[in-house]
Amino acid sequence: MKHLKVMSVMLIIAITTIVMPAKVQAQTGKEIAWKVYDRPSPKDGESDMTMTLINSKGKERVRYLHQFLKEYDEVEKKVMFFKAPADVKNTSFLNYSYDDDRDDDQWLYLPALKKVKRISGGSKDDYFMGSDFTYEDLEKRSPNKDVHKLLKSETLNGEQCYVIESTPKEEGQYSKRVAWVIKDKWIPLKIEFYDEDEELLKVLTIPEFKQLKGYWTVITQNMENVQRSHKTVIKLSNIELEKGLGDEKFTQRAMMKGL
Amino acid sequence: MLTILFIKTTMKNLTTKILQHSKAIMVLTMLLTVLSVWVLVNKVYIETDLDEYMPHEHPSFAYSDWAEEQFDIRDAIVIAIENKNGVYNPATLQKVKGLTKALGKMKEIRKSDITSLYTADNIRGSVEGLEIDAFYKRVPKSDDKLKSLAKAVATNDMVHGRIVSEDQTATLIITKLDDNVFSEDFYEAIIKLSKEYEGDGDVLYVAGQPIIEGTMAILMPKDMKTMLPIVMLLIIVVLMMVLKSIKATVLTMVVVLVSSIWSFAIMAAMGIPIYAVTTLIPVLLIAIGVADGIHMFSHLQLYMRKNKNASKEDKISNMVAEMWKPVTMTSVTTAVGFLSLLTSEVYPIKYFAVFAALGVMFAMLLSLVIIPAGAMLFGLPKVKHQEENAKKEDAFANWAGWFALKITRYKTAFIIWTILLVIFFGYGASKVWINSSFLERFPDSNPIVQTDAFVNDKFMGTTSINVILEGKEADAFKSPEVLKLSEKMMNETIAKFDAIGGGISINDFLKRMNKVLNEDREEFNTIPDNSDLIAQYILLYEMSGDPDKLWEVVDSDFKTGNYNLQVKTDNSKTLEEILAHLETYKDDFKAIGVNLNFAGSGYTLLLFNNLIMEGQIKSLILSFFIVLILLGFMFKSWKVGLIGTIPIMITAVISFGVLGLLNIPLETTTALISSIAIGIGIDYAVHFIDRYKINALATGDKELTIMKTMAHSGRAISFNAIVVIAGFLVLLVSEFLPNQALGAIVSLNMFTSFIGTVTIMFIVLYMSNIYFTKKKK
């Protein structure tokens, strides 16, 4: 009996090794995570941005912004100007996000105070502008920080997806994340975030993305906090990539100058 | 006349039928009772959520509900950790973190509803700008880190005195609760959890409105459950003493118990839960129901003594024939007294009215059926025919006669004394005040009172009043004009009342931000003058902190603000004074287009109690008139009706007068009982007048009538009064103040009704010459 069991296991291993196509076999969870991380992205760009916050009673608040973005070797710089509502018009936000573990540097310019203020060096688990996104959610996370496991492959919204589970090596804001990554586009179409008690906390979905100048770009993303039943929708428009934006755009002086 | 004759013969026929089928009746009653018990066991449940009492359709409640929903205003359980050596030590801080997490794991609690030093936001200024982060994530261990944490808290007005006491010896974990999650199990779980975290010099206290309300809702029925058997036992003993018969006592108690069981079973069958108020029904039915039995057996005994040789059937028939009328009349008036409570807007009180009235009707029916049937089946109560006993009875009759004559001789003195008493207690009644405090219903030694006192002493207060300021359009709460007036209101109100520990509003966020963004200079601890700056501060806060905290003080359009005040007592007088003061700002706000309203549990509780009181007064007046009409109708004379209401009027005045003079506030239970007292108190007068009428028409002799009436009715009434007073005095040892009050008030009311009936009402009846003038004509 025992022999039979061992034999059959060996047989299964042998068959799968021979039969399964080399390409698919190569995709481990870790590799998929790296593919997503290494997906080519533009050097710089600008766009309009609409951020809609929807509370548990379904009440919406909308902010209109214009953002500039530039990638450097070890830092990503971002500046955002509020266009509306009127009372915060020209308020601007500058963010330096470092590739290493350092906290972001960020500043806010308040036109009414006529001062640039540095704000909460914010650990990466702070919420971005009172939305349901934390700073970390909006950044690329190094696959080295997590252990990845390929759970399965399935079709989501008509796209072939790998479902990978990423568990952080060190305790972080999430106990794990489960992502549906589109095969060959390497965009996560959906990510589930689990809180420290391993309960589902948030769900990110990407209803709209397209290829611009050869880059797969996310146009709309929804983040829903299922525990607070609060939702944020970020939608980009008038996207221009690879414009060769100058470094002076990403300074405190530029913040004060306005758009 | 013909109808009366008809009713009389029908009653006689009915009695004959009852006596013939006594066995079947007893079996049927038993079966119905068994069925009722089955229904009770399977269907009954106790409602502990006080919110279920609130009339949510009432505009003020509807507004408060809306505001509570809008700003997530909910009652919170407050757990205090006290460490006499200060809370800034690794062990205590670890407990704050551990308890915060443990609470978050309970199924009744949402993680985001917990506020503690571990979850609180620390808004602070730095050299370059604003920082909002947690006070600690990992528990600080080194002295330096502990000291800097202590300093961070001490310099933050939004936490200092709110989450950590000013003397640093206590810290709070505040957990907002949803309605209807509070249960006995949950309460036990919370208590157990907090016990686990004691030790290392840490003492834990659990307080907060849900605990007080929940404990009360659980304790009141529980207390009633322990007190009810004691009351019953005592009533049985006293019944035995006055009726001197086991059979009579058993039958009387069976009537009372079965009527309570039936009434509750119908309630349960209809899917209506037991509320704290309805737990009063059995105890009240005992007080009322025994009267029927006492009067019937008392009559039976007197009749048996005089007609030793009459047959068993005759004796029973005579009892029913002579007593059915007063028994029916007293029951109807009592039921009407209860039903007048239907005017109340509070549903549990309406249920109370219906099922108490139903119970009274059952008690009447059972008295008229079970007592004769039981007496038939089990034999008549023994009447001792020995000389000694007869002498005793004669002595009572003689004494009663002497008493009757004496009273009529000194009638003027009695009338004057009564008037003086009414004036004296009427003055006292004018001083009665209403207290809706739940806390003050527990004795001072109760742990819940001590815990609450501790938290109120160290922190801002456990009762909240929410002032809801509503602007005409969006962004009203970015306007410096509106904010500055609200700041004035908050500052002046907090300064004026010692009972207010503090408050929280959008103003605190803005002041804090203004200060920390201006190099932490105290002169910037004010509302900024520029509305754009206010808007940008708010944006800054939203970008760096937990915006959900903001939405508890202002709505997301900035149209409506929630100005919270924490009060250290839930005493109605204090709350009323604070609300009255806040009302004075109404016009100033109106002038700048802002409406001022109130919300929150402190406010709705007050409103609710006022509503109950209003209902009580309405029903008191209503039941008085209905009883007057009923009496007038029953005795076919308005004059008699008026005379009959004398004892209850005096009872009501004295009852309220005693409360006023002793400075005992009215609360829902005492108010309820006072108005019910009318329905009960009237019974003595009905029995007395009925007997007086019978004697008057039979003898035509005034002196003989008063002597005979006093010997017959006076006997039964005094028996009744002794039984009920003795039974209810037992409640004075209850752990629960409203139940103590219930015992005292029912006893007092029974006593005054009794005395009022046999003295002043008797005198007025005597002086009115009624039932004699007719004859002379």
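The values are calculated or read from the model by the stated rules, or taken from the named source; none is laboratory data. Note that this is a predicted model, so its numbers are computed, not measured. Don't worry about glycine lacking a Cβ; one is built from the backbone with ideal geometry, like all the others, and counts go over all protein chains shown.
Of the residues that sit in the range B:522-573 and are away from every other protein chain (no Cβ under 14 Å) and over 40 Å from the mean Cα position of the chain (by Cα), which one is modelled with the lowest pLDDT? Once the filter is applied, the top-ranked residue is B:E522. Kindly indicate whether A:Q227 is assigned to a loop (DSSP other than H, G, I, E, B) and touching an Asp or Glu at 6+ places or on another chain (Cβ under 6 Å). So A:Q227 fails the test. For B:F477, the stated conditions hold: it is crowded, with 23+ Cβ neighbours inside 10 Å and touching a residue at least 24 places away in the same chain (Cβ under 8 Å).
Check whether at least one residue in the range B:141-150 is out of contact with any strand residue (DSSP E or B) (no Cβ under 7 Å at 6 or more places or on another chain), buried (at least 18 other Cβ atoms within 10 Å of the Cβ), hydrophobic (A, V, I, L, M, F, W, C) and not assigned by TED's automatic domain parsing to the domain that holds B:E519, and report yes or no. Yes, the range B:141-150 contains at least one residue that is out of contact with any strand residue (DSSP E or B) (no Cβ under 7 Å at 6 or more places or on another chain), buried (at least 18 other Cβ atoms within 10 Å of the Cβ), hydrophobic (A, V, I, L, M, F, W, C) and not assigned by TED's automatic domain parsing to the domain that holds B:E519.
Consider the range A:120-146 and keep the residues that are in a helix (DSSP H, G or I), modelled with pLDDT of 85 or more and in contact with a strand residue (DSSP E or B) (Cβ under 9 Å, 6 or more places away or on another chain). The one that is nearest to the other protein chains (Cβ to nearest Cβ) is A:K145.
Among the residues making up the range B:130-168, those that are within 14 Å of chain A (Cβ to nearest Cβ), touching a helix residue (DSSP H, G or I) at 6+ places or on another chain (Cβ under 8 Å) and part of a strand (DSSP E or B) are B:L130, B:E131, B:I132.
Could you pull out the residue among B:I676, B:I654 that is under 26 Å from B:L630 (Cβ atoms), at pLDDT 85 or above, among the aliphatic types (A, V, I, L, M) and crowded, with 23+ Cβ neighbours inside 10 Å? Step by step, each of B:I676, B:I654 is checked, and only B:I654 is under 26 Å from B:L630 (Cβ atoms), at pLDDT 85 or above, among the aliphatic types (A, V, I, L, M) and crowded, with 23+ Cβ neighbours inside 10 Å. Residue count for the range B:399-426, restricted to those that are surrounded by 13 or more Cβ atoms within 10 Å (Cβ to Cβ) and either touching a helix residue (DSSP H, G or I) at 6+ places or on another chain (Cβ under 8 Å) or closer than 28 Å to B:H299 by Cβ (or both): 17. Scanning the range B:583-627 for residues that are assigned by TED's automatic domain parsing to the domain that holds B:L672, buried (at least 18 other Cβ atoms within 10 Å of the Cβ) and farther than 20 Å from B:H56 by Cα yields B:S619, B:L620, B:L622, B:S623, B:F624, B:I626, B:V627. For the range B:451-464, taking the residues that are more than 22 Å from the chain's Cα centre (by Cα) and not small (G, A, S), the one that is surrounded by the fewest Cβ atoms within 10 Å (Cβ to Cβ) is identified as B:D457. State which residue is modelled with the highest pLDDT when the search covers only the range A:194-224 and only residues that are within 14 Å of chain B (Cβ to nearest Cβ), surrounded by 16 or more Cβ atoms within 10 Å (Cβ to Cβ) and farther than 24 Å from B:S556 by Cα. Selected residue: A:Y194. Take the range A:22-66 and flag every residue that is of a type in the set (S, T, N, Q) and within 14 Å of chain B (Cβ to nearest Cβ). Selection gives A:T52, A:N55, A:S56. Please verify whether the range B:169-179 includes one or more residues that are out of contact with any strand residue (DSSP E or B) (no Cβ under 9 Å at 6 or more places or on another chain) and either surrounded by fewer than 17 Cβ atoms within 10 Å (Cβ to Cβ) or within 14 Å of chain A (Cβ to nearest Cβ) (or both). There is at least one residue in the range B:169-179 that is out of contact with any strand residue (DSSP E or B) (no Cβ under 9 Å at 6 or more places or on another chain) and either surrounded by fewer than 17 Cβ atoms within 10 Å (Cβ to Cβ) or within 14 Å of chain A (Cβ to nearest Cβ) (or both).
Taking into account only those residues within the range B:159-213 that are at pLDDT 80 or above and of a type in the set (S, T, N, Q), which is farthest from B:F736 (Cα to Cα)? The residue in question is B:Q168. Looking across the range A:147-168 at every residue that is in a strand (DSSP E or B) and touching a Leu at 6+ places or on another chain (Cβ under 8 Å), the one that is farthest from A:P207 (Cα to Cα) is identified as A:E165.
Evaluation of B:L607 against the conditions (1) within 14 Å of another protein chain (Cβ to nearest Cβ); (2) under 27 Å from B:D113 (Cα atoms); (3) of a type in the set (A, V, I, L, M, F, W, C) shows that the sole unmet condition is (1). Only strands (runs of 3 or more DSSP E) whose full extent lies in the range A:77-119 are considered here, and the ones with at least 2 residues that are facing another protein chain (nearest Cβ under 7 Å) and in contact (Cβ under 8 Å) with a residue 12 or more places away in the chain are A:105-110, A:115-119. Evaluate the range B:116-126: report whether one residue or more is surrounded by 19 or more Cβ atoms within 10 Å (Cβ to Cβ) and more than 26 Å from A:F128 (Cα to Cα). No, the range B:116-126 contains no residue that is surrounded by 19 or more Cβ atoms within 10 Å (Cβ to Cβ) and more than 26 Å from A:F128 (Cα to Cα).
For B:L517, the conditions (1) modelled with pLDDT under 90; (2) touching a Ser or Thr at 6+ places or on another chain (Cβ under 8 Å) all hold with the exception of (2). Among the residues making up the range A:40-80, those that are of a type in the set (G, A, S) and crowded, with 18+ Cβ neighbours inside 10 Å are A:G45, A:S47.
The lone criterion from (1) at pLDDT below 90; (2) over 22 Å from A:N55 (Cβ atoms) left unmet by A:Q227 is number (2). Taken residue by residue, the range B:198-206 has at least one member that is more than 28 Å from B:I316 (Cα to Cα), aliphatic (A, V, I, L, M) and surrounded by fewer than 18 Cβ atoms within 10 Å (Cβ to Cβ). Just for the range B:505-521: of the residues that are over 21 Å from B:I468 (Cα atoms) and aliphatic (A, V, I, L, M), which one is nearest to the other protein chains (Cβ to nearest Cβ)? Selected residue: B:L517.
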